[in-house]
Number of protein chains: 2
Amino acid sequence: MEALRLWRARVAAELDSVIAFWERNSHDPQHGGFFSCLSREGTVYDDTKYVWMQSRQVWVYSRLYRTVPRFRRPELLEAARAGAEFLLRCAPLRPESLRVAFALTRDGRPLRVQRNAFSEAFVAVGLDELGRAADEPRYRAAGRSWALALWSWVRGVPLELGRPEFSGSPPQEALALPLMALTVAEQLLEGGGGDPQIEAMAEWGGSAVLRHLQRDDVVVLENVSPEGEELPGSLGRLMNPGHALEAGWLLLGHCRRRGDAAVGARALSALVRGPLRWGWDPQHGGLFAFLDADGHCPTQLEWSMKLWWPQLEAMVALLAAYEHSSDPKFLEDFDRVATYAFDKFRDPVHGEWFGYLNREGGVALSLKGGPYKGCFHVPRALMMCEEMLGRILEREGTPK
Amino acid sequence: MEALRLWRARVAAELDSVIAFWERNSHDPQHGGFFSCLSREGTVYDDTKYVWMQSRQVWVYSRLYRTVPRFRRPELLEAARAGAEFLLRCAPLRPESLRVAFALTRDGRPLRVQRNAFSEAFVAVGLDELGRAADEPRYRAAGRSWALALWSWVRGVPLELGRPEFSGSPPQEALALPLMALTVAEQLLEGGGGDPQIEAMAEWGGSAVLRHLQRDDVVVLENVSPEGEELPGSLGRLMNPGHALEAGWLLLGHCRRRGDAAVGARALSALVRGPLRWGWDPQHGGLFAFLDADGHCPTQLEWSMKLWWPQLEAMVALLAAYEHSSDPKFLEDFDRVATYAFDKFRDPVHGEWFGYLNREGGVALSLKGGPYKGCFHVPRALMMCEEMLGRILEREGTPK
């Protein structure tokens, strides 16, 4: 337990340092919202505002304000609110539309739109959490509208500016879909309240994740048919250890809420133990970005790079698995993964973590943030780990 | 000159070995066309057929058949013809449409479409060259239709399934556009004939390339405004050494055909000497994939990887620059780049070159072909180098 106490202290200190980095460097006092393209030192190298990153930072600040007493600072809530107001004002492609941009100029004019509904999903979780933190129902109601937009897209209603379908392309479902559905639904359902549409989305997400467990639960495939059959070629064999581990802790939370022990056991085995086995680089340590289920070389150029977020999803998944099962092997693995992650990704000089290492563990991109890395995975994982470590220490009767 | 004779022999032998790899492994006798997703050993790991790769292999086989006597083998022309017939039958999205798919199933059903006209451009060059090799005007006429489709897109006519524009996104022109325009136009204009529309496309391409030379010709920017102004942010500072070098040899050829000495001198300096200076990794050798003109970290995860094609474009550009200028420094640089490329990328065991190395020069992806690597850059560069080395040796009066 001494090791867990040390980890809790280390994780808490790191969370403080990481949030200080984003508060110091990412706020736009002129237009509201956040810069995410920050250099190693924290300077802005591009002032594009990405809707994913805006929404996620709103979520992180709001969640910290609401649930971690030392972060209950008005300036954090005000920054979250300024981010949300920027989104509400600028992200929709037209005044009444729920379809939002992917990227905006600093002053909020649309630059690009994605042909999926992930931007909409992140807006939903950010606004819901701000509504809880600020105790303002209008943000939660807006978040729910975007959650329902995601849900109708997941059920096949095409989007404005969606992706055309072609006769040769088999119907397919990416693991990212149930991940988003579970993320959004479990956020909105937290603390109860009974919303049948959102509960249906959660249920769909929980069962859709299971379709990606293939070959007797030995592999987790990113893309399967809507009936849960394997798809041909590289697309069908693609594996993403970070997504599998994220699915693991999301599904464990979903099962705990619903009291579903059988699915929980599958999650522990296929979505936590599994990716740590097949996704971990035995030579240099760290989780790979992509793999091929038959051992072919993936076609993604970054397949062997070590990205920050899969390591952080693993830390969360391993503590969630230990809380669920009390199997000490999960704590051993947490220590191994967290030690690797803190050693390789942390920047003790300027704060925040590097995002992109080469296979050997050297820094490949010196930036701290970019179009896909912002104030999200590092603080989310650290706050979840701090909370779980606290519960574990309390449960196991050792003095805090 | 002894060194050049050795290089000519080495290049010719490598060309033989590379073509043997593709003849042995990539043909689909059942449907026509070519597999490009080949493992290190040459086995097919995915049977998707990419229209870029089909068209480029048709071009390579036809060009070799037409211009290199030892490749004047009927089976090579027949494979090219089978590839072209597969394209004509399956690539168009609808029977009468010039809009083509990006990816097809093995039997030719559409899988994906790109939101630009590069697939159309590659179809144009492949069919034009097959028409020349087979002496069949119908292929050249079809190639010209696709060339004109590219030309109308370049002039702003939107495509079926094109990219929507947004108010925050400044008008921009990627260097890939003039590269494609020059590639297509110079292919169609080879040997004369006087086609005013195609000549206009070549002229546009030649002058549009120059808009990407910025800051007193010291940098080459991938994306500029249509008026040749720098764009803000990472997008505006992006540099791609391989594209710059490809633009270099394309522009030198264009200037030679038109007798334009002043532009030729700018090409030598800004598009050949320049990228070899700012694009070369002083630590580990090799040309980077991407750089930022102000020295920020690029956001492309593969920025520091060594890709096969920029090194090959450099080999072509350096010999073209020497032919143009007789400056011996270009031959020294050719020797350095070609030595690096042959040492690091060649696979003496199974043939063809690896495509994707890490920054240090180790193989990062073991595959020989994929969605973007097929039978193209290696044989195109080798055949061009063999031809130029022959001309240089002849010109400088040494016995063959």
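The values are calculated or read from the model by the stated rules, or taken from the named source; none is laboratory data. Here the structure is a predicted model, which means the values were calculated and not measured. Here the Cβ is made from the backbone with ideal geometry for all residues, glycine too, and neighbour counts use every protein chain on show. Each accessible area value is taken on the protein alone, full model and side chains, heavy atoms only, with ligands, DNA and RNA left out. Shrake-Rupley method; radii C 1.70, N 1.55, O 1.52, S 1.80 Å.
Observations, loosely collected:
- Some residue of segment B:171-182 being open to solvent by 20 Å² or more (accessible area, probe 1.4 Å) and in contact with a strand residue (DSSP E or B) (Cβ under 9 Å, 6 or more places away or on another chain): yes
- Test result for A:E129, among the charged types (D, E, K, R), part of a loop (DSSP other than H, G, I, E, B) and under 23 Å from A:M53 (Cα atoms): no
- Reported count of residues in segment A:30-43, each being within 12 Å of chain B (Cβ to nearest Cβ) and more than 17 Å from A:D347 (Cβ to Cβ), is 1.
- Those residues of segment A:156-180 which are in a loop (DSSP other than H, G, I, E, B), without any contact (Cβ under 8 Å) to a residue 40 or more places away in the chain and not β-branched (V, I, T), in sequence order: A:G156, A:P158, A:P164, A:E165, A:F166, A:S167, A:G168, A:S169
- Test: residue in segment A:81-97 that is closer than 20 Å to A:F122 by Cβ, open to solvent by less than 10 Å² (accessible area, probe 1.4 Å) and under 18 Å from the mean Cα position of the chain (by Cα): no
- Segment A:311-339, residues that are under 20 Å from the mean Cα position of the chain (by Cα) and of a type in the set (A, V, I, L, M, F, W, C): A:L312, A:A314, A:M315, A:V316, A:A317, A:L318, A:L319, A:A320, A:A321, A:F334, A:V337, A:A338
- Within segment B:26-58, the only residue that satisfies the criterion of being without any contact (Cβ under 8 Å) to a residue 40 or more places away in the chain and more than 12 Å from B:R106 (Cα to Cα) is B:T43.
- Residues of segment A:215-256 that are part of a loop (DSSP other than H, G, I, E, B) and either outside the structural domain of A:L318 (by TED's automatic domain parsing) or not polar (S, T, N, Q) (or both): A:R215, A:D216, A:D217, A:V218, A:L221, A:E222, A:P226, A:E227, A:G228, A:E229, A:L231, A:P232.
Matching residues to (1) within 14 Å of chain A (Cβ to nearest Cβ); (2) open to solvent by less than 20 Å² (accessible area, probe 1.4 Å):
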{"position": "B:G205", "(1), (2)": "no, yes"}
{"position": "B:A208", "(1), (2)": "no, yes"}
{"position": "B:R211", "(1), (2)": "no, no"}
{"position": "B:E227", "(1), (2)": "no, no"}
{"position": "B:G236", "(1), (2)": "yes, yes"}
{"position": "B:M239", "(1), (2)": "no, yes"}
{"position": "B:A244", "(1), (2)": "no, yes"}
{"position": "B:W249", "(1), (2)": "no, no"}
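- Unmet criterion (only one of (1) open to solvent by less than 20 Å² (accessible area, probe 1.4 Å); (2) over 21 Å from the mean Cα position of the chain (by Cα)) for A:A185: (2)
- Candidate set from segment B:258-279 (those that are open to solvent by 40 Å² or more (accessible area, probe 1.4 Å) and outside any helix (DSSP H, G or I)); member that is farthest from A:Y45 (Cα to Cα): B:G259
- No other residue among B:R56, B:R24, B:R10 is more than 14 Å from chain A (Cβ to nearest Cβ), within 24 Å of B:H350 (Cβ to Cβ), open to solvent by less than 50 Å² (accessible area, probe 1.4 Å) and charged (D, E, K, R) apart from B:R56.
- For A:K373, the criteria (1) closer than 30 Å to B:N358 by Cα; (2) open to solvent by 20 Å² or more (accessible area, probe 1.4 Å); (3) basic (K, R) hold in every case but one, which is (2).
- Those helices (runs of 4 or more DSSP H) of segment A:284-400 that lie entirely within it include none in which at least 2 residues are among the small types (G, A, S) and within 14 Å of another protein chain (Cβ to nearest Cβ).
- Criterion violated by A:E78 - all others in (1) surrounded by fewer than 18 Cβ atoms within 10 Å (Cβ to Cβ); (2) in contact (Cβ under 8 Å) with a residue 24 or more places away in the chain; (3) among the charged types (D, E, K, R); (4) away from chain B (no Cβ under 12 Å) satisfied: (2)
- Test: residue in segment A:322-333 that is at pLDDT 95 or above, on the phi > 0 side of the Ramachandran plot and surrounded by fewer than 23 Cβ atoms within 10 Å (Cβ to Cβ): yes
- Qualifying residue in segment A:88-98 (condition: within 14 Å of another protein chain (Cβ to nearest Cβ), closer than 27 Å to A:D347 by Cβ, touching a residue at least 12 places away in the same chain (Cβ under 8 Å) and touching a strand residue (DSSP E or B) at 6+ places or on another chain (Cβ under 7 Å)): no
- Some residue of segment A:298-317 being among the hydrophobic types (A, V, I, L, M, F, W, C), open to solvent by 10 Å² or more (accessible area, probe 1.4 Å) and free of Cβ contacts under 8 Å to residues at least 40 places away in the same chain: yes
- Qualifying residue in segment A:349-362 (condition: surrounded by 21 or more Cβ atoms within 10 Å (Cβ to Cβ) and free of Cβ contacts under 8 Å to residues at least 12 places away in the same chain): no
- Failed condition for A:F102, given (1) within 12 Å of another protein chain (Cβ to nearest Cβ); (2) in contact with a strand residue (DSSP E or B) (Cβ under 8 Å, 6 or more places away or on another chain); (3) open to solvent by 50 Å² or more (accessible area, probe 1.4 Å): (3)
- Given (1) within 14 Å of chain B (Cβ to nearest Cβ); (2) assigned to a loop (DSSP other than H, G, I, E, B); (3) not hydrophobic (A, V, I, L, M, F, W, C), number of the condition A:S119 does not satisfy: (2)
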